[in-house]
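Presented below is the structure to which this report refers.
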Amino acid sequence: MDFRELPPLAALRAFTAFAQTGGLVEAGAALGVSHAAISQQLRSLESHLNLALFDRSGRALALTPDGEALAAACLQGFGDIATTVAALTGASDARPLHISTTPTFAAAWLMPRLPAYQAAHPGQQLLLNPTSQLVPLEPGGTDLAIRYGTPPFQGLEAVPLLMSPMVVVAAPGLIAGRPANTAEDLAKFPWLEELGTTEGTNWLRNHGALAGPQAGFLQVPGNLLLDGARAGQGVAVTVRAFVEADLDARRLVRLFQDDTDGAGYFIVTRPGPKRAALKTFVRWLKSLAKTGQP
């Protein structure tokens, strides 16, 4: 890297502050300088790079495509620096550990195990965000995600936690006396889906039932999905590990199973130094994975 080719750090900080806040006044307030100083630094940066980073044709200053590309790199770079400094100095230790996972995983696997973790680490604060949305891992935001799939997860570190295939299940009473051998058969039953996902409809279409559920489908919060399936309210797609006890007790029956090699839940974090609370939580999750806890 030739550091002589890099623009002045002050200009990059001003540009990053503008990209993050969206305005000259707001960027100035973030850096403790006037908006005029921000404007001067932005023009200096354009001159240094000989690029048009801003579209000035409208009433508000906007980033050009080149500006958006540089903004993404600067936000990533300064964010990584801030995260590393906070981790090295311990400045981020007081912030709760922010964990993102699906509602189903939170209800069926993580929540029953958290009391043991909290008993062992009474001073650590956790913030659990159960959501079906793919939450980005950002400096100062979400520290760790537990995601289902197969690696790699682009730009992130992933460690296996719970390896288990997806299964299609239903209560015995729901399918009694009716054919349930093909995707077309199953499309004639009511279906349950976790709120915010399309796992059931996607599964049917991917297996040839192009019309999707024909008896309707009900979206429910993840913590209610398996309760509804056990009650015979619909067919559901879920992870086999969550329903092993139900299958053994015949509360649910397995209709199909997708044996995708390498599929399962992974501990997903950003690369680079990790603050103490995050390292402690990851070690605990890894210990559960090693013991093979279902």
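Taking each residue as 0.36 nm, the span from residue 198 to residue 223 lengthens on full extension beyond its C-alpha to C-alpha distance by 7.4 nm. Nearest 0.05, what FRET efficiency do residue 249 and residue 85 give at R0 = 51 Å with Cβ-Cβ as r? Efficiency at R0 = 51 Å is approximately 0.45.
Here segment 3-102 has 58 percent of its accessible surface on carbon and sulfur atoms, given a 1.4 Å probe and all protein chains in place.
Per residue, segment 215-294 exposes an accessible area of 48 Å² to a 1.4 Å probe, with every protein chain left in place. Apolar share of the accessible surface for segment 157-282: 52 percent from carbon plus sulfur atoms, 1.4 Å probe.
Here the chain carries DSSP beta bridges of which approximately 60% are antiparallel, counting only pairs with both residues inside. Summed over the residues of segment 21-80 and divided among them, the accessible surface reaches 60 Å² per residue at a probe radius of 1.4 Å. Compute a Gaussian network model of the chain, connecting alpha carbons closer than 10 Å, and tell me which residue from 183, 170, 245 fluctuates the most. Per the Cα network of the chain with a 10 Å cutoff, 245 tops the list. Taking Cα atoms only, the orientation of helix 276-291 departs from the longest principal axis of the chain by about 30 degrees.
The packing ranking, built from the mean of other Cβ atoms within 10 Å per residue, places the peptides 130-139, 97-106 in the order 97-106, 130-139, highest first.
Every helix of 4 or more DSSP H residues in the chain counts as -39500 (n - 2.57), and over all residues that averages to -12500 deg cm²/dmol at 222 nm.
Got the relative contact order for the chain handy, in percent, Cα pairs under 8 Å and 6 or more residues apart? Present the calculation step by step, with values, prior to reporting the outcome.
Working: 447 pairs, mean separation 60.6, N = 294.
21 percent.
What Kirkwood radius, in Å to one decimal, follows from the Cα pairs of the chain? One decimal place: 22.5 Å for the Kirkwood radius.
Per residue, the accessible area of segment 113-190 comes to 51 Å², computed with a 1.4 Å probe over protein heavy atoms only.
Using the Cβ of residue 173 as centre and a radius below 13 Å, the other residues enclosed give a net charge of +4, where K and R count +1 and D and E count -1.
According to the calculation over all Cα-Cα pairs in segment 151-194, the P(r) per 10 Å bin from zero is 19, 36, 19, 20, 6 %. Taking only the C-alpha atoms of segment 139-262, the Rg (one decimal) and the largest Cα-Cα distance, Dmax (whole number), read 15.6, 55 Å. Just so you know, the Cα atoms of segment 38-161 work out to an Rg and Dmax of 20.0, 59 Å.
The values are calculated or read from the model by the stated rules, or taken from the named source; none is laboratory data. Note that the coordinates shown come from a computational prediction; the quantities given were computed from them, not determined experimentally. Backbone-built Cβ (ideal geometry, glycine too); neighbour counts: all protein chains shown. For accessibility, only protein heavy atoms count, side chains too; no ligands or nucleic acids. Shrake-Rupley method; radii C 1.70, N 1.55, O 1.52, S 1.80 Å.
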